[in-house]
Amino acid sequence: MIFCNCNGQDSFVFARNHPANSAGNLSIELKWYHALSLFGKEFNVYRRDANLVEWRLVSPKPVSKLQSLPTSLIEQDEELDFFIDALNQASPEELEDDFLKLNILLKSFESNEFARFLGIYFKDNEVLQGKSYQYKITILTGSQETVLGESSVIEAGNYRQTLGVQDLEAYQEGRVINFNWTQDLNLYYAYNLYETDSIGSTNRLNNQPLMLSMQPDSLGTLVFPKPMFKRRGSIEGASYSYYIEGIDYFGEMSQPSSMVNIRIDDVTPPPPPLNLSGRADSLRVLLQWEQEDTEDLKGYNIFRSPKSEGEFVPVNTDLIPAERSSYSETLQNPGPYYYRVEAEDHTGNKSLSEMAFVDAQDVFPPSQPLDLAIKSDTGRFYLTWRENEELDLGGYLLYRTVDENDPDHYVLLNAEPLDTNYYEQRLPKNVKNEFFYFLVAIDTSYNRSKPSAIATAVLPDVVAPERPVISQVGYSDEGIIVNWIRNVEEDLAGYHLYRSDSLNSDDTQVNQAQIAKSSFRFVDRTTIGNKDYYYRLAAIDSSGNISPLSEAAYAFRREELLLEAQLTVKLKSQKGKKTNRLEWSEIDPKLIKGYVVFRGETEKSIKPITGLVASTNFVDKDLKKEAYFYQVRAYSIPGKVIISKTVEWGAK
């Protein structure tokens, strides 16, 4: 689009002095455009002196589209008849066609008479020499009048060309010359670019006026393309001069821009060397090639790589003279190599030959790998060694066995050569063998080095013994005897026995010294009688790994206690509260488990009304009968029962 809102404008009003102006005949031409409409509207033209505020209507009647133009004008421009007929016969839908609208717009720039036909042109003949004016265009829609836009201030006088286009630049990119310049939509709608060669001949580079459309960049911002124009076909080494002219909206050319001079650099590379071949005699390589005749050839560079895909590195330090077509070198290391020859001209342009392959036979094995070392960790070995320095090193082969003296049973661990100087091998955690390793280095020709020194290691033992099983608990005068089934692990070192007062309390180790691995019983002499105990057993191996604790085994060693005591019960009745309070004498708490209160309507029918209690009193609030018999019984740890005498209570 020529007109867009890219500069915050939807409409344009252009004003200029008429090209035929003279001291006695002055006029100012006006054209106006709106981004949404080209024709079909009525307009009023207003003018004011630049130093005044008030606008004055200068169009005798509203400016609008004409039905036709005089025949004399149409005969001067063959295209006018076509455009006028097309507009007069087109339907409203056809007038909205973008291609038709663009062509109408461009024709209105080129032809002021066509702009007059469209109703977007006005010529103000009532202006005075040297006075400055500004114009305003309004759109009439029924009784409504809205402002379309205002022109810049213009001084009435002789016609002057539009100022030249700014910031023309030209630069070479390969064999193409690129051009950019400052686009000014307020002054020009198109451009013509001109070239002057070294003999002074000037030609316009564009067949049609250059009109650039703005396109969204990566951020969505509308910008003009860069470069704005490309010139192909220039002669290398030649000098050119360029200038550009803008075409304004009245179809007139602007002043020429400033001249830009450029000399076209030589960017054509020389022909590449042909038929490159190479052969190797031991470590000495001879290269030969052919070269087409070229005047500006300066010389050659040789490049070499051990791989066809590169990276190719330079071989020669000084440029090989252009008259030579061969080169020889002595390699540091044997192996396969790829060569390319680069031709270079005096301008620095370069071209590469095809690759040539040379196989320098390698009959020298790598050196023996050194410093093989092993670190062992849980379930893995980590091997390291000093890296070989051969350029043609292909890698390492790693071997392992469990019998150092049986070379036939070494196993190769890696199918592909290792390209590192370390290796990690994972094994089951319970493997306890001693392992032996050695390395062999191989080069790219599969020559094998001497084996490295042997390195050996054993995996750390991290596997605990199986969980022990306590088979039986017995009793003797010495204490509690704990029996178990012996573990069968070869590396078993012994046992620890733990004891607690309940299943939920912490365990305490019973044995001071580790119990021997051959033992299957232990006598706990630190217990006291008539108390609950729970035993758990753990097995320990020679690496200090401890098994899970066994299932808990319960023990209770009965011990008869001397118990001589009596229970004396007292009853207090509180009639107002309807309760009976029982109190009885206390027996040593160390000798008894607790007390139970009994009650009945007769002495023979008494039954327990409490559980085992530790206190020496009880309040009976459940008095549903008129009389009761009470009794208290104390239960000792050995199982004896001390019974009080019954006491009677009657409500009456």
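Key figures
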read-out	value
Residue within the stretch 368-382 that is crowded, with 18+ Cβ neighbours inside 10 Å and touching a Ser or Thr at 6+ places or on another chain (Cβ under 6 Å) present	yes
Check on Ile609, in contact (Cβ under 8 Å) with a residue 40 or more places away in the chain and of a type in the set (A, V, I, L, M, F, W, C)	no
Residues of the stretch 405-426 classified as loosely packed, with under 14 Cβ neighbours inside 10 Å and either more than 24 Å from Pro334 (Cα to Cα) or in contact with a His (Cβ under 8 Å, 6 or more places away or on another chain) (or both), total	12
Test result for Gln129, exposed (fewer than 14 other Cβ atoms within 10 Å of the Cβ) and not assigned by TED's automatic domain parsing to the domain that holds Ser241	yes
The stretch 54-68 - residue that is in contact with a strand residue (DSSP E or B) (Cβ under 6 Å, 6 or more places away or on another chain) and within 11 Å of Gly119 (Cα to Cα) and, of those, surrounded by the most Cβ atoms within 10 Å (Cβ to Cβ)	Val63
Selected residue [crowded, with 18+ Cβ neighbours inside 10 Å and either under 48 Å from the mean Cα position of the chain (by Cα) or within 30 Å of Val13 (Cα to Cα) (or both)] from Ser353, Ser277	Ser353
Test: Glu583 is part of a loop (DSSP other than H, G, I, E, B), free of Cβ contacts under 8 Å to residues at least 60 places away in the same chain and surrounded by fewer than 17 Cβ atoms within 10 Å (Cβ to Cβ)	no
Lone unmet requirement of (1) at pLDDT below 85; (2) over 20 Å from Phe14 (Cβ atoms); (3) in contact with a Leu (Cβ under 8 Å, 6 or more places away or on another chain) for Ile84	(1)
Helices (runs of 4 or more DSSP H) (entirely within the stretch 60-139) containing at least 1 residues that are within 60 Å of the chain's Cα centre (by Cα) and closer than 19 Å to Phe250 by Cα	78-89, 98-110, 112-118
Qualifying position, being in contact (Cβ under 8 Å) with a residue 60 or more places away in the chain and assigned to a loop (DSSP other than H, G, I, E, B), among Val267, Val358, Val341, Val285	Val267
Number of positions in the stretch 14-53 that are closer than 30 Å to Phe99 by Cβ and loosely packed, with under 14 Cβ neighbours inside 10 Å	2
Positions within the stretch 586-612 being in a loop (DSSP other than H, G, I, E, B), of a type in the set (Ser, Thr, Tyr) and surrounded by 12 or more Cβ atoms within 10 Å (Cβ to Cβ), in sequence order	Thr610
Candidates Ser636, Ser550, Ser615, Ser644, filtered to the one that is loosely packed, with under 15 Cβ neighbours inside 10 Å and of a type in the set (Ser, Thr, Tyr)	Ser615
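The values are calculated or read from the model by the stated rules, or taken from the named source; none is laboratory data. Just so we're clear, the structure is a prediction, and the values are computed from it rather than from any experiment. In this analysis, Cβ positions are derived from the backbone assuming ideal geometry, glycine residues included, and neighbour counts consider all displayed protein chains.
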